[in-house]
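Down below is the structure, laid out as structure tokens.
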Amino acid sequence: MIAVVLNGLKLPVKPMTLSLLEQVGSFCAKQNTQAYIVGGFVRDLLLKRDTADIDIALRADALEIAPELAAALGGKYIPLDEVNRVGRVVIAGGEEPSEQVRWQLDLSTAQDGILEDLKRRDFTINAVAIDLEKVIQPQTSADAQPLDEALLATRLIDPYNGLNDLRRGVIRAVSEKALQLDALRLLRAVRLASELGFNISRETEAQIKRYSHLVTGVAGERIREELLRLLAAPKTEQLLLYLDELGLLTALIPELAHTKGVEQPKEHTWDVLNHSVKAVAAVDFVLRQGKWQYASGEILKLVPWSAELSERFDLKVSSGSTRRLLLKLAALLHDIAKPQTKGVDSRGRTRFLGHPKEGAPIAACVLERLRFSSKEVKLVEGIVRYHLRPVQMSPDEVPSRRATYRYFRDTGEVAIDTLFFSLADHLATRGPNLDMANWRWHTNIVAHILSQHFKQEGALSPSKLINGHDLIGTFGIAPGPKIGQFLEAVREAQASGEVSSREEALSYVNHLLIL
């Protein structure tokens, strides 16, 4: 960081960001276009937070300027909004060969002036601006004025007292109309409050409740982006409950409304919705990303972990999503079919027979509606479908090699994710009433399955000892489904260690034919 004078204010800016702003300012000056840095970049600068997203308001048509600016900066131009004339310039680069830095410049059209532009912004802390032409002068001498609140108040363009709200840690809408015009701002208020550690003002909170239904009209792609950022925030459980209190959670996912108040068997501490929210928190806990309020130190120590597993859950799945975030989303949706599958058996016990199988396509439908990628949908759908499978593999003893083979064969890409979800589900079921003996048994099962997978991966995905031609030529079996069934039976026997050669495989098939 270096000290940079912004309208006489000494603020920290990264050298590369400073260089970029200098280039943008120089370009706009040559175009005789007045430009302002506005919104989140100014807010984060005042909060001394690093950001690569820069909002610039132009006293010109941004869709005419943005392509030329992208060319001048060696970036990529993306038109965002033809109606409101908003364009984006994306720039990649770095000072070192190994370093990759990315900026995103969103250029908006403010031909009616900066005050009119700020009037259309979402929250007061974002409705602030600084004239770009007066921004850039590196300051190394002692005469630079420090970041002083009184000085800020006189230098910033701040018609809605955003600086005061920044000082107080308050998210406040510029106007009620601002929330109505773009209902994504209802979600953004909650996300910003979480990221910044701020509170939403009572007035804005009431407005969010009033207009929560409008979020259904927001494009799924935009909802997806905000939802993923919310899932990435710390204390996701509290955020989800707050979204529900504001009316946003069930507006986003109406299917969750039916899970409210649905009581469960006595081993469950919470109803279906609250259990699902607790499961999200428990996922973070078992993945070493958060706390579990009912946990002692021993509980987490029993959960198998390694650097390889940590890397796995941090893997990017699609834009903005990782396996960890999608596991949390699966946790929220895993019991979504319980309301319609609820029943009482002959002993008076409440059951939810088939809810994983029925819930999987519902979860997939939710994600498709929110424009998640097919890969993301498949991953979440698979976890929901198989979330009970780990505890059903071997109720009384560790799973056999054959059972483990079948588990990885059937669950495929989501096998390991589902194992860890099963642990989170266990914690979210028992809550403060966790039985340590049962927990040790469950963690031992998961550790055993993982051990078999990592140590004997070749055996669990064995190379073929025989093929269909061998069965046809040796036993005269006619081509058809029977061929596949015999070959799969051989693969299971190979995974369990019963056969290890071509001769043993053929002998095994011969035995099956005799039975």
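The values are calculated or read from the model by the stated rules, or taken from the named source; none is laboratory data. Since we're looking at a predicted model, the values are computed, not measured. When we count neighbours, we look across all protein chains shown, and the Cβ atoms used for this are built from the backbone with ideal geometry, even at glycine. Only protein heavy atoms, including side chains, enter the accessible area calculation; ligands, DNA and RNA are left aside. Shrake-Rupley method; radii C 1.70, N 1.55, O 1.52, S 1.80 Å.
Things to note:
- Gained length - Met16 relative to Ala52, 0.36 nm times residue gap less alpha-carbon distance: 11.9 nm
- Computed with every protein chain present, the accessible area of Arg440 is close to 90 Å² [probe 1.4 Å].
- Helix 202-211 axis, angle to the chain major axis (alpha carbon atoms, nearest 10°): 60
- Note on the chain: with charges restricted to the Cβ of Lys and Arg (+1) and Asp and Glu (-1), its dipole about the Cα centre is near 1080 debye.
- Annotation: per residue accessible area for the chain equals 47 Å², rounded to a whole number [probe 1.4 Å, protein chains only].
- Protection proxy ranking, peptides 112-120, 20-28, average beta carbon neighbours within 10 Å, highest first: 20-28, 112-120
- Between Ser319 and Phe454, the distance separating the two model label sites (each 7 Å from Cα on the Cα→Cβ line) works out to 3.5 nm.
- Electrostatic dipole magnitude of segment 408-450 [Cβ: Lys, Arg +1; Asp, Glu -1; Cα centre; debye, to 20]: 180
- Principal-axis tilt of helix 184-196 within the chain, Cα atoms, nearest 10 degrees: 90
- With all protein chains modelled, accessible area of Met393 [1.4 Å, Å²]: 30
- Label point of Arg351 set 7 angstrom out along Cα-Cβ; within segment 255-280, amide nitrogens under 18 Å from it belong to 263-268.
- Each principal axis of the chain carries a Cα extent, and these read 92, 53, 44 Å when sorted largest first.
- Cα gyration tensor category, rounded, prolate or oblate, for segment 297-420 with a/c compared to 1.5: oblate
- Shown is the FRET efficiency for Ile477 and Ser400, computed with R0 = 30 Å from the Cβ-Cβ distance and rounded to the nearest 0.05: 0.60.
- Length-normalised contact order of the chain in % [C-alpha pairs under 8 Å, at least 6 apart]: 9
- Each Lys and Arg adds +1 at its Cβ and each Asp and Glu adds -1 at its Cβ; summed about the Cα centre, segment 234-349 shows a dipole of about 180 debye.
- Stretchable slack from Arg502 to Arg210, in nm (0.36 nm times residue separation minus alpha-carbon distance): 98.1 nm
- Acute angle (nearest 10 degrees) that the helix 15-30 long axis makes with the longest principal axis of the chain, alpha-carbon atoms: 50
- Of the peptides 236-244, 329-337, the ranking by mean beta-carbon count within 10 Å, highest at the top, reads 329-337, 236-244.
- For segment 331-392 versus segment 114-131, the gap between their alpha-carbon centres in whole angstrom: 44
- The calculated FRET efficiency for Glu68 paired with Glu133, based on their beta-carbon distance and R0 = 25 Å, is about 0.90.
- Sequence-distant lysines (8 or more away, or on other chains) whose Cα lies within less than 18 Å of Lys482: Lys464
- Of all accessible heavy-atom area on the chain, the percent that carbon and sulfur account for (1.4 Å): 48
- Projecting label points 7 angstrom from Cα along Cα→Cβ for Glu368 and Gln392 puts them 2.3 nm apart.
- Greater than 28 Å apart at Cα, pairs in Lys266/Lys328; Lys177/Lys316; Lys119/Lys328; Lys260/Lys357; Lys209/Lys260: Lys177/Lys316; Lys119/Lys328
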